[in-house]
Amino acid sequence: MISIEDFKKTDIRIGTIRSAERVPDTDKLLRLTVDFGEESLRQVISGIAAYFPDPQELVGRSCPFVTNLEPRVIRGLESQAMIVAALAGDVFSLLEPSGGIPAGTKLT
């Protein structure tokens with residue numbers, strides 16, 4: 001259990017995926033370039049490749065990401081956020097806003 005104060009430290013924002021590609025020599029990793037409404041795009045390395053045989057289907061989708069995690073190097077690539085998704089058994093789902101929510105919007 002964490003306190004509400006600890007939870008409030010989590011910065012979850014909507015990001016729009018601008019590009020998606022497989023990380024070479026891996027089966028699980030995708031390299032996403034994500035727009036959070038900031039001056040520059042962020043790179044996100046995510047283990048969701050098994051659910052997207054064609055990574056291009058992710059381009060243009062908006063999803064929530066945890067944006068205030070310390071960057072982490074995965075396979076030599078720095079990941080600057082973490083995508084929020086759901087997995088129930090074999091069913092995987094990205095969470096997406098219902099419309100009109102711009103990149104960078106903070107979840108409250």
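Just a few scattered comments:
- Flag for Ala88 being on the phi < 0 side of the Ramachandran plot, surrounded by 15 or more Cβ atoms within 10 Å (Cβ to Cβ) and among the hydrophobic types (A, V, I, L, M, F, W, C): no
- Options Ser46, Ser62: the member that is in contact with a Pro (Cβ under 9 Å, 6 or more places away or on another chain), crowded, with 17+ Cβ neighbours inside 10 Å and not acidic (Asp, Glu): Ser62
- Every residue from the range 10-23 that is out of contact with any Leu (no Cβ under 8 Å at 6 or more places or on another chain) and either of a type in the set (Ser, Thr, Tyr) or assigned to a loop (DSSP other than H, G, I, E, B) (or both): Thr10, Asp11, Thr16
- Within the range 11-41, tally of residues that are within 14 Å of Pro64 (Cβ to Cβ) and either surrounded by 13 or more Cβ atoms within 10 Å (Cβ to Cβ) or among the acidic types (Asp, Glu) (or both): 11
- Close contacts from the range 80-108, counting a first residue that is basic (Lys, Arg) and a second that is assigned to a loop (DSSP other than H, G, I, E, B), with Cβ to Cβ under 9 Å and a gap of 6+ residues or different chains, come to Lys106/Asp11; Lys106/Thr67.
- Matching residues, the range 50-108, being over 19 Å from Thr33 (Cβ atoms) and assigned to a helix (DSSP H, G or I): Ala50
- For the condition over 13 Å from the mean Cα position of the chain (by Cα), at pLDDT 95 or above and closer than 12 Å to Gly104 by Cα, Glu57 does not qualify.
- Between Thr26, Thr33, the distinction of being part of a loop (DSSP other than H, G, I, E, B), of a type in the set (Ser, Thr, Tyr), out of contact with any Pro (no Cβ under 7 Å at 6 or more places or on another chain) and at negative phi belongs to Thr26 only.
The values are calculated or read from the model by the stated rules, or taken from the named source; none is laboratory data. Source: prediction; values computed, not measured. Using ideal geometry, Cβ is built from the backbone for each residue, glycine included, and neighbour counts are taken over all protein chains shown.
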